[in-house]
Each structure stands twice: as structure tokens, then as C-alpha cells.
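Coordinate-derived values only; no laboratory data. None of these values were measured; they are calculated from a predicted model. Neighbour counts run over all protein chains shown; Cβ positions are idealised from the backbone, glycine included.
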């Protein structure tokens with residue numbers, strides 16, 4: 001069982017880590033506004049829906065779609081895998097509890 005308070009306290013760090021992974025591994029460290037927007041939109045959807053959403057809601061975000069367009073084709077699978085891993089580690093366990 002997860003410690004919900006601790007999990008939520010670390011959520012912002014997890015989102016920043018996700019942004020860093022995308023920035024470093026897809027764009028070679030070049031800052032992209034779309035990566036920043038995705039992090040903000042993920043934060044918003046988490047708190048607007050109180051963790052009650054599916055991964056398809058994340059991939060339907062305008063910021064994700066915009067980022068996907070900027071992502072080189074060879075890196076698109078990596079982008080999705082980072083989103084999927086984030087969802088499985090940070091969202092799914094809380095969805096089960098709420």
C-alpha cells in the first residue's frame with residue numbers, strides 16, 4: 001500500500017523528472033515550451049479530475065499532441081513510454097485508492 005500523502009508530495013518532482021527525461025533524451029537538452037506546457041497540463045488534469053482519468057486523457061491533451069508533432073519520428077515511442085510509465089507509477093496507484 002502506498003503512502004498517499006508522500007506520493008502526492010513527490011508528484012511535482014515526478015512531473016519535473018518526466019519533463020527532464022523528455023528534454024534530455026528527445027531534444028538533447030534543448031528547452032521546449034511544449035514540454036513545459038505538458039507538465040502544466042498534467043498537473044492540471046491530476047487535480048481537476050482528482051486522479052480519475054486514463055492514459056488516453058493524457059495523450060489527448062493538446063500539449064501532448066503538440067509535443068508529439070515536435071518529436072522526431074524515431075523518438076515518438078520513447079515519448080509515449082515515458083508518459084505510460086509516469087501514469088502507471090504516479091496515477092494508477094492513486095486511482096485505485098480514490
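Just one of (1) in contact with a helix residue (DSSP H, G or I) (Cβ under 8 Å, 6 or more places away or on another chain); (2) on the phi < 0 side of the Ramachandran plot; (3) surrounded by 13 or more Cβ atoms within 10 Å (Cβ to Cβ) fails for residue 51. It is (2).
When you check residue 93 against the structure, is it loosely packed, with under 13 Cβ neighbours inside 10 Å and in contact with a helix residue (DSSP H, G or I) (Cβ under 9 Å, 6 or more places away or on another chain), yes or no? Working first, answer last.
Details: loosely packed, with under 13 Cβ neighbours inside 10 Å: no; in contact with a helix residue (DSSP H, G or I) (Cβ under 9 Å, 6 or more places away or on another chain): yes.
No.
Does residue 18 fit the bill of being surrounded by 11 or more Cβ atoms within 10 Å (Cβ to Cβ), touching a residue at least 60 places away in the same chain (Cβ under 8 Å) and within 15 Å of residue 87 (Cβ to Cβ)?
Values: surrounded by 11 or more Cβ atoms within 10 Å (Cβ to Cβ): yes; touching a residue at least 60 places away in the same chain (Cβ under 8 Å): yes; within 15 Å of residue 87 (Cβ to Cβ): yes.
Criteria met by residue 18.
When residue 59 is tested against the conditions (1) surrounded by 15 or more Cβ atoms within 10 Å (Cβ to Cβ); (2) out of contact with any helix residue (DSSP H, G or I) (no Cβ under 8 Å at 6 or more places or on another chain), the lone failure is (2).
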